[in-house]
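Worksheet for the structure shown next.
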């Protein structure tokens, strides 16, 4: 497994260039998604979606994969680096227990959950 950004760039570039049959340096979003899945890095579907969100679309609905690889290398490395995952496993549960975990429309987690419960009650009460 790659342990540095340079190493992950090499692995990702090789994986993506294998799908560039024309040698244009461009790939479709679908091709990149497929090639990331096949790269052997153990990326999850959610991780691939996160990486794909960094893709910059060219005029012809394709992505210049060299630039894409440089942009995503740090994120991809954090996804597969065991030491990073171990640190996150310790931090995330503590963070999720705080009110700062997420906000939706200006509401913290607790406020959102109360509103969601009220909406569920309101919309599931049978009408006569």
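Please treat every number below as a calculation from the coordinates, not as lab data. The structure displayed is predicted, hence computed values, not measured ones. Note that each Cβ is placed from the backbone with ideal geometry, even for glycine, and that neighbours are counted across all protein chains shown.
The lone criterion from (1) surrounded by 14 or more Cβ atoms within 10 Å (Cβ to Cβ); (2) in a helix (DSSP H, G or I) left unmet by residue 30 is number (1). For the range 13-20, the criterion of being without any contact (Cβ under 8 Å) to a residue 24 or more places away in the chain and part of a loop (DSSP other than H, G, I, E, B) is met by at least one residue.
Counting only residues that are within 19 Å of residue 9 (Cβ to Cβ), in contact with a helix residue (DSSP H, G or I) (Cβ under 8 Å, 6 or more places away or on another chain) and free of Cβ contacts under 8 Å to residues at least 40 places away in the same chain, the range 58-95 holds 5 of them.
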